[in-house]
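*Asks:* Got a structure for you, written out below as structure tokens; questions coming shortly.
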Amino acid sequence: MKRRQFIKNTSLSGIGVAAASPFMNYLNLPIMQKSEPVCIATWNFPNASRKAGEMLSTGALALDAVEQGVMVEEADIRNTTVGRGGAPDREGNVTLDACIMAPNGDAGAVVYLKNNTHAVSVARKVMEETPHVILAGEGADRFALEQGFEKEELLTTNSEKAYKEWLKTKEYKPIINIENHDTIGMLCIDSKGDIAGACTSSGLSYKMNGRVGDSPIIGSGLFLDNEVGGAVATGMGEAILKSVGSFLIVELMRQGKSPQEACEIAILRIVKQNPNYKDFQAAFIAINKNGEVGSYCIQKGFSYMDFRNGENKNFPSKYYI
Ligand code: GLY
């Protein structure tokens, strides 16, 4: 889609757009206008974007807003792909992956976290309290306990029941769009104009034990640069990992592409790399520092939330197929 067309569409759909095309400064960086506070998030998770958006409206920092926004979904046991209530692996373990990024470029992540609902908060502690970026498995669980997180059971009555049903066939076939619930990735711009992001997931249902997806991997599931903007991913982690798509999108925006153009290029890379692209979903959303938003995915059915000026809206994404 042409940039002009995108801007026209987004204006009509109520997404605020501050500037059509960034000018380049002497470092070849786009010069961005300051956006109003805004939260965008993958899928139709209105409670999460409302939580973060309302925090931003009262002056909260983007980092606090993304953490508390995605925590809403981590705690919702009806969501079978994030936090407590997430579907287990083939051996019955619920294992969580999450990451968080701050405006100054700091990042923290956990992979294969087994005993805590709020993987994003443990990831934030990794970022703030350790010299590392990623903690995995037993070390991540032990670190969470040391940081005062209480041990929790992540397998719920419903997820255990579904797992026992799955054991009857043991068929491993990821379901496209998983009833429209998948990883939550969120990006917020606060009243100071700073951007932060978070991404959290229980990963693919009935994955192999030890499997880690894109969600906790900086550059794949999430990337941001406070000079440019940010991007987050959802869908088939293996395809997203191979594309390093969130990093790609931010770098494309740095070169002057709109968020929409950048998301489309990243999805086209995935399509080109994966002959079986019709069998899975992959999606990106992105925002630049102007508050201009883009979204693109392979299959119909993906949507994203946008909270700004007190309005919490869900928009269907454009798609490749
Ligand atoms: N996008 C989540 C995962 O594949 O684990």
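*Asks:* When the dipole is taken about the Cα centre of the stretch 33-126, and only Lys, Arg (+1) and Asp, Glu (-1) are charged at their Cβ, what size is it in debye, to the nearest 20?
*Replies:* Using Cβ point charges on Lys, Arg, Asp and Glu, the stretch 33-126 gives about 80 debye.
*Asks:* Dipole of the chain (Lys/Arg Cβ +1, Asp/Glu Cβ -1, origin at the Cα centre): which of Gly230, Ile298, Ile249 lies farthest to the positive side?
*Replies:* Going by the charge dipole, the pick is Ile298.
*Asks:* Still on this model: For the residues Thr81, Thr157, Thr200, what sequence is obtained by ranking on other C-beta atoms within 10 Å, fewest first?
*Replies:* Fewest-to-most ranking of Thr81, Thr157, Thr200: Thr157, Thr81, Thr200.
*Asks:* Net charge near Gly221: determine it from the other residues with C-beta under 13 Å of the C-beta of Gly221, scoring Lys and Arg +1 and Asp and Glu -1.
*Replies:* Net local charge, Gly221 excluded: -3.
*Asks:* Set the Förster radius R0 to 25 Å, insert the Cβ-Cβ distance between Asn93 and Asn44 as r into 1/(1 + (r/R0)^6), and round the FRET efficiency to 0.05. Present the calculation step by step, with values, prior to reporting the outcome.
*Replies:* Numbers: r = 28 Å, r/R0 = 1.12.
Computed FRET efficiency for Asn93 and Asn44 comes out at 0.35.
*Asks:* Here's something else I'd like to know. Using a Förster distance of 25 angstrom, determine the FRET efficiency expected from the C-beta separation of Lys192 and Glu311, and round it to 0.05.
*Replies:* 0.75
*Asks:* Projected onto the charge dipole of the chain (+1 at Lys/Arg Cβ, -1 at Asp/Glu Cβ, origin at the Cα centre), which of Ala62, Met186, Ala144 gives the Cα projection farthest towards the positive end?
*Replies:* About the Cα centre, the residue reaching furthest to the positive side is Met186.
*Asks:* Once you sort the root eigenvalues of the Cα gyration tensor of the chain as a ≥ b ≥ c, which label holds: rounded (a/c under 1.5), prolate (a/b larger than b/c) or oblate (the other case)?
*Replies:* Judged from the Cα gyration tensor, the chain comes out prolate (a/c at least 1.5, a/b above b/c).
*Asks:* Could you check the spin-label model distance between Lys272 and Thr156? Points 7 Å from the Cα along Cα→Cβ, value in nm.
*Replies:* Roughly 4.2 nm, to one decimal.
*Asks:* Let me ask something else about it. How big is the dipole moment of the chain about its Cα centre under a simple scheme where the beta carbon of each Lys and Arg is +1, that of each Asp and Glu is -1, and everything else is neutral? Debye, nearest 20, please.
*Replies:* With only Lys, Arg, Asp and Glu charged at Cβ, the dipole is about 1200 debye.
*Asks:* What does the charge dipole of the stretch 238-299 about its Cα centre add up to, to the nearest 20 debye, if the Cβ of each Lys and Arg holds +1 and the Cβ of each Asp and Glu holds -1? Could the numbers behind the result be given before it?
*Replies:* On the way: 7 positive and 6 negative charges, 24 e Å.
Using only the charged Cβ atoms, the result is roughly 120 debye.
*Asks:* If you don't mind, there's one more thing I want to ask. Under a cut-off of 20 Å between alpha-carbon atoms, report the aspartates and glutamates in cross-link reach of Lys278, not counting same-chain residues fewer than 8 places apart.
*Replies:* Partners found: Glu171, Glu179, Asp182, Asp214, Glu238, Glu264.
*Asks:* Projected onto the charge dipole of the chain (+1 at Lys/Arg Cβ, -1 at Asp/Glu Cβ, origin at the Cα centre), which of Ile77, Pro316, Ile134 gives the Cα projection farthest towards the positive end?
*Replies:* Pro316
*Asks:* Let me ask something additional. Structure shown: which of Lys170/Lys272; Lys207/Lys289; Lys242/Lys300; Lys34/Lys300 lie over 25 Å apart, alpha-carbon to alpha-carbon?
*Replies:* With Cα atoms farther than 25 Å apart: Lys170/Lys272; Lys207/Lys289; Lys34/Lys300.
*Asks:* Same structure, new question: If the cut-off is a Cα-Cα distance under 16 Å, which aspartates and glutamates reach Lys164, setting aside same-chain residues fewer than 8 apart in sequence?
*Replies:* Cross-link targets: Asp89, Glu91.
*Asks:* Compute the FRET efficiency between Arg78 and Lys300 as 1/(1 + (r/R0)^6), taking r as their Cβ-Cβ distance and R0 = 35 Å, and round to the nearest 0.05.
*Replies:* Efficiency computed from Cβ-Cβ geometry: 0.90.
*Asks:* Could you please rank Ile40, Ile321, Ile217, placing first whichever residue has the fewest other Cβ atoms within 10 Å of its Cβ?
*Replies:* Ile321, Ile217, Ile40
Read the figures in this text as sums done on the coordinates, not as results from a lab. Just so we're clear, the structure is a prediction, and the values are computed from it rather than from any experiment. Glycine also receives a Cβ, built like all others from the backbone with ideal geometry; neighbour counts cover every protein chain displayed.
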